[in-house]
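Just below is one structure, and these are the notes that go with it.
Computed from the coordinates by the stated procedures, all read-outs in this text should not be read as laboratory data. Since the model is a prediction, treat every value here as computed from it, not as a measurement. Heads up, the Cβs are rebuilt from the backbone with ideal geometry, glycines too, and the neighbour counts pull from every protein chain shown.
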Amino acid sequence: MGFVSQIDLINAAAPSCFVTNEKLSSHARWVLTMCAPLLLLGLIGAFSVVMCFPALLCRSLGFDRLAKFRAKADGVATGIFLLTYILMSSQAASPFDCIAAPDGKLYMRDVPGIECTYIVTAACVGGMTNCHSGYLLPGIIVLFSCVAAIFIIFKILHSKRAQLRSDELTLRTYGTLYLRYENDMYFWEIWILARKLSIVLIQRMLQAHTEAQIVCAAVVLIAALVLQRRFKPFISTSLDQLEECVLASCTLLVILGAYAFSGGPQTETTVLYFVVIALTFVRVAQLLRRIWAGEQVQHTESGRANAVQVQGQGMKILV
C-alpha cells in the first residue's frame, strides 16, 4: 500500500528525505521531516505577498521583470509542493498508524515508544514530545493544510481558467499544474492530489484493518481508472495510456493483495505479482520511449484543439 500511494510516473514521486541527526529527538526529527517543506513554502509565499504590490506597480508602468521574477518564485513553490506533497501528508498521518504490542497497548508504527492514546495523558506532563498528542495535533494541522492547499489551487485555476494558456505570468506560475491536460481538464491535477491523499490516509489509518484497507484502496483506484478512461484528460494519447497502465497495475496489485489475504497460495500470488510488475514495466517502457522519441497529437473533439509536440527534451505546447 505504501508504494501504491507514490506510483505516479507522470508526476514526480515524493523524495525520500528524512532527518537523521542523532542529536535531535525522535519528535524533532518527525516534525522537521514533515514541516520543513511547509516552512519553505511559507517563506516563498511570504516573499510573494510582499512583492505583490511592487510587481503590479512595475507591470503597470511597463516593467515586467519584477512580475516575472515573482511568478517564477510562485512556480518554484508550486513545484516544491507537488514534490513533497506525499511526504508531508504521509508523515502527518503517521500518528493514526498504530500497531498492537504484546502488552495489549497500541504504539505508533513510526515511533514505537509513543503509545497511541488520542488524549492528553500523564506522559504529556513531561512535555508534549513524550505523548501521542505531541504528534497528533501537528499532524492534523498539516493534513488540514494539505486539504486547504488543494482547495486554494482549485480556486486559483478556476478563477484564471480563461487565461491559463494566454497569460505569460499565469503560465510561469501555475503551468506545472495544467499544461499536460486538455483545456477543459485544467482541474485534473486537483483530482490526482485528492486521490494521492486518499490513498495515504487509507494506508495509514486502516493499517490495522486489512479488509477495510483493501476495499477502500480498490474503490479509489477503480474510480480513478474509470474516470481516466472516461475523460482521457491528458493532451497526449501516450500520456493517457501511461496513466491508465499505472492505475490498472495498481488495481491488480490490490486485487492480488485481497487474494493473498483471503488465503490464496503464497507461491501463486508471488508469481502473479512479479508477472504484473514485469508487464507493467514493459508497457511503461514502450510508452516512455514513444513519448521521448517524439509524437504529434491533435485533439479536435468538443472544441479541444491543442497541437502537442512531445520531443526528446520535454513537451512543447503550441497554442
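When 200, 284 are sorted by how many other C-beta atoms sit within 10 angstrom of their C-beta, beginning with the fewest, the order is 284, 200.
Taking θ as phi - 60° and the Karplus parameters 6.51, -1.76 and 1.60, the scalar couplings of the stretch 149-155 work out to 5, 4, 5, 5, 4, 4, 4 Hz in sequence order, x denoting glycine and proline.
Scanning residues 5 or more positions from residue 180 or on other chains, none has an amide H under 5 Å from its amide H, with H placed 1.01 Å from N in the peptide plane. Work out the FRET efficiency for residue 275 and residue 149 from their Cβ-Cβ distance, taking R0 = 45 Å, and round it to the nearest 0.05. So, using R0 = 45 Å, E works out to roughly 0.70. Among the GluC sites (Glu not before Pro) found in the stretch 164-254, not one is both in a DSSP coil and sparsely packed, with 13 or fewer other Cβ atoms within 10 Å of its Cβ. Each residue of the stretch 168-178 was assigned a 3J(HN,Hα) from its phi angle through the Karplus expression (A = 6.51, B = -1.76, C = 1.60, θ = phi - 60°), giving 4, 5, 5, 5, 5, 7, 10, x, 4, 7, 9 Hz with x at Gly and Pro.
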